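I have placed the structure first, in the form of structure tokens, so that the comments after it can refer back to it.
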Amino acid sequence: MATPVNRRTVLAAGLSLPLAARAPGRPGAKVGFTLDARVLDGGEQVVSLTLDTARLGIDPSSLTPGTFAVHARATSPIPIAPGDLIFSEYDVDRTVTAARLDRRGDIVLDLAHAEGQVGGGTLGYIVSRSRNVRLDLDYTITQNAPLLRRDGRPVPIAAFVQGGLANPEVDAFSHHVSGSGMKYRLFTPHGHGGRGGRPLIVWLHGGGEGASLPDGYYDNETTLRANRGALGFATREAQRIFSGAYVVAPQSTSFWMADGPGFAPLIEEIITDLVRRHPIDRRRIYVAGCSNGGYMSLKMTTTYPRLFAASVPVCGVVASLQPGGPRLITDAELAGITTPTWLVTSRDDTTVPPEPNTIHAHDLIPGSLMTLYDQVVWNGYRFNGHFSWIYLGRNDPSVDGTHVWQWMARRRR
């Protein structure tokens, strides 16, 4: 059994400056810095560094993109066995595209980032475990040119010390553990929602975002950082459409498909507890999920036919992934679904082929809607055909001019 590695260890990145950059007889200050991250459609990346320099009174004219150099190293929190593969550890120089002061007077180093770019991600995918894990990140800042205060005096800095990872969208979700031990993240809307209460949206993650318990790894993080599935419903646009909604993202202890009937009551337990503790409208509980979670969305509506006002399974698994294996959701179960259902997938999905899965489910679920894309492209970047959850996270699917979020928000149980 692999020895667990604490991925939350705070790493310190030291810096020895040239003597010319130091004030004579003064050791210089230690400056902490934060890793600023953003979840792109293809996953989370570190997009800038914020240096805690407000107290130093930096002259912004002394800042250029070349003032600092940034090196980044990302390693797995789980030991990788010989012959195994992980995507994407890295040990690279990050390009500084701008150096500026924010409103507080802290230095912000903007870093080059883009969909598909290697060297900025916060997650790695371990092939043998089919798991995303949050990488241990070690960033080193090197000062290449002197900094000046607003009065013209030099600023001596002895070392830069790395702090935590900050992502306002992810950090808006609080951490929780259910009575049965299932971890989940919860977004809480502003206000109380009036007499009827707020909607609740349940997001069920894909297979790569579950735990790896044999390695002691159960992070309650990758469910939000791997894609914008849950985050999309917490955006200002979605919250306006739903008039303020709670968003909950449970994390499986393995794969939802490993035991859908066993996981269903554990998810239902979380929902029941949230309804008990928060002003949630029982008539407006929605479930959505991608891939493994698309399967689990369907399984939840077959197990609890009166619980959800609407269901949106994205590239959900229905047929067995093994040739000749039993169907994960039977034709009788699909035909018996009474929850309003909108299915989403892409024709070029080779991981969960649409014909035996999404299209087959659409043919059997009474009154279901379906959006079938030819490929997955967003902002000019073409993604893997399996990533059709990107469209749901952007409220793109539509039928007769009605988009999927608006359709969900209008449903009542």
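Evaluating I86 against the criteria (1) in contact with a Ser or Thr (Cβ under 6 Å, 6 or more places away or on another chain); (2) at pLDDT 95 or above; (3) not charged (D, E, K, R) leaves one unmet condition, (2). Within region 91-116, the set of residues being within 16 Å of R225 (Cα to Cα) and either among the charged types (D, E, K, R) or surrounded by fewer than 19 Cβ atoms within 10 Å (Cβ to Cβ) (or both) comprises A114, E115, G116. Starting from residues that are touching a strand residue (DSSP E or B) at 6+ places or on another chain (Cβ under 6 Å) and hydroxyl-bearing (S, T, Y), keep the ones in region 143-187 and report whichever is nearest to G66 (Cα to Cα). Once the filter is applied, the top-ranked residue is S174. Looking for whichever is aliphatic (A, V, I, L, M), at negative phi, under 27 Å from the mean Cα position of the chain (by Cα) and surrounded by fewer than 19 Cβ atoms within 10 Å (Cβ to Cβ) here; the options are V377, V352. Which one fits? When all the criteria are applied, what remains is V377.
Here are the criteria: (1) in a helix (DSSP H, G or I); (2) among the hydrophobic types (A, V, I, L, M, F, W, C); (3) surrounded by fewer than 24 Cβ atoms within 10 Å (Cβ to Cβ). Tell me which single one M296 does not satisfy. The single condition M296 does not satisfy is (3). The residue that is nearest to P214 (Cα to Cα), among those in region 104-139 that are assigned to a strand (DSSP E or B) and among the hydroxyl-bearing types (S, T, Y), is Y125.
Residues that are in contact with a strand residue (DSSP E or B) (Cβ under 9 Å, 6 or more places away or on another chain), under 30 Å from V47 (Cα atoms) and surrounded by 20 or more Cβ atoms within 10 Å (Cβ to Cβ): does region 267-289 have at least one? Checking region 267-289: at least one residue is in contact with a strand residue (DSSP E or B) (Cβ under 9 Å, 6 or more places away or on another chain), under 30 Å from V47 (Cα atoms) and surrounded by 20 or more Cβ atoms within 10 Å (Cβ to Cβ). On the stretch given as region 302-329, residues that are buried (at least 23 other Cβ atoms within 10 Å of the Cβ) and closer than 26 Å to S174 by Cα total 6.
Mind listing whichever residues of region 268-293 are more than 24 Å from R410 (Cβ to Cβ), assigned to a helix (DSSP H, G or I) and in contact (Cβ under 8 Å) with a residue 40 or more places away in the chain? Once the filter is applied, which keeps residues that are more than 24 Å from R410 (Cβ to Cβ), assigned to a helix (DSSP H, G or I) and in contact (Cβ under 8 Å) with a residue 40 or more places away in the chain, region 268-293 yields E269, I270, D273, N292.
Take the conditions (1) at pLDDT below 90; (2) under 30 Å from G229 (Cα atoms); E44 misses just one of them, which is (1). Considering region 124-180, and only residues there that are closer than 30 Å to L274 by Cβ and over 21 Å from the mean Cα position of the chain (by Cα), the residue that is surrounded by the fewest Cβ atoms within 10 Å (Cβ to Cβ) turns out to be G179. One residue alone among E221, E209 is closer than 22 Å to L298 by Cβ, among the acidic types (D, E), buried (at least 20 other Cβ atoms within 10 Å of the Cβ) and modelled with pLDDT of 95 or more, and that residue is E209.
Taken over region 60-81, the criterion of being of a type outside the set (V, I, T), more than 30 Å from D151 (Cα to Cα) and assigned to a strand (DSSP E or B) is satisfied by H71, A72, R73, A74. Filtered by the rule that a residue be closer than 20 Å to L123 by Cα and over 16 Å from the mean Cα position of the chain (by Cα), region 36-59 gives S48, L49.
Residues in region 235-267 that are closer than 17 Å to L204 by Cα and outside any loop (DSSP other than H, G, I, E, B): 16 in all.
The values are calculated or read from the model by the stated rules, or taken from the named source; none is laboratory data. In this text, all values refer to a predicted model and were calculated from it rather than measured experimentally. Every residue, glycine among them, receives a Cβ derived from its backbone with ideal geometry; neighbour counts consider all protein chains shown.
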